[in-house]
Amino acid sequence: MQINFITIGNRMPGWVQQGYDEYAKRLPRECELVLKEIPSGKRGKNSDIARITKDEGERMIAALPQ
């Protein structure tokens with residue numbers, strides 16, 4: 001069985017990577033944990049946060065396997 005872990009952002013902090021590695025190691029052999037990092041949208045002081053969040057959500061859904 002493949003478990004997809006989809007996140008927003010790239011190059012997670014070291015403590016996040018350590019947690020992911022530990023969790024993946026504890027899963028049974030039948031389970032494969034796959035990390036898919038979706039780049040976050042550009043945020044600035046005049047950004048439309050609702051639009052950025054919607055776009056990130058759509059990209060996460062697109063990353064799901066069939």
For the Ala24, Asp55 Cβ pair and Förster radius 22 Å, calculated FRET efficiency rounded to 0.05 is 0.20
Carbon plus sulfur, as percent of the 1.4 Å-probe accessible area of the chain, comes to 55
Rounded to one decimal in nm, the spacing of the 7 Å Cα→Cβ label points at Glu37 and Met12 is 1.0
In deg cm²/dmol, rounded to the nearest 500, the helical mean residue ellipticity at 222 nm of the chain, built from -39500 (n - 2.57) for every DSSP H run of length 4 or more, is -13500 deg cm²/dmol
Helix 14-26: inclination vs the chain longest Cα principal axis, degrees, rounded to 10, gives 40
Longest principal axis of the chain (C-alpha) makes with the long axis of helix 49-63 (C-alpha) an angle, in degrees to the nearest 10, of 30
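The values are calculated or read from the model by the stated rules, or taken from the named source; none is laboratory data. The structure displayed is predicted, hence computed values, not measured ones. Cβ coordinates were reconstructed from backbone atoms using ideal geometry, including for glycine residues, and neighbour counts include every protein chain displayed. These area figures cover heavy atoms from the full protein model, side chains too; ligands, DNA and RNA do not enter into them. Shrake-Rupley method; radii C 1.70, N 1.55, O 1.52, S 1.80 Å.
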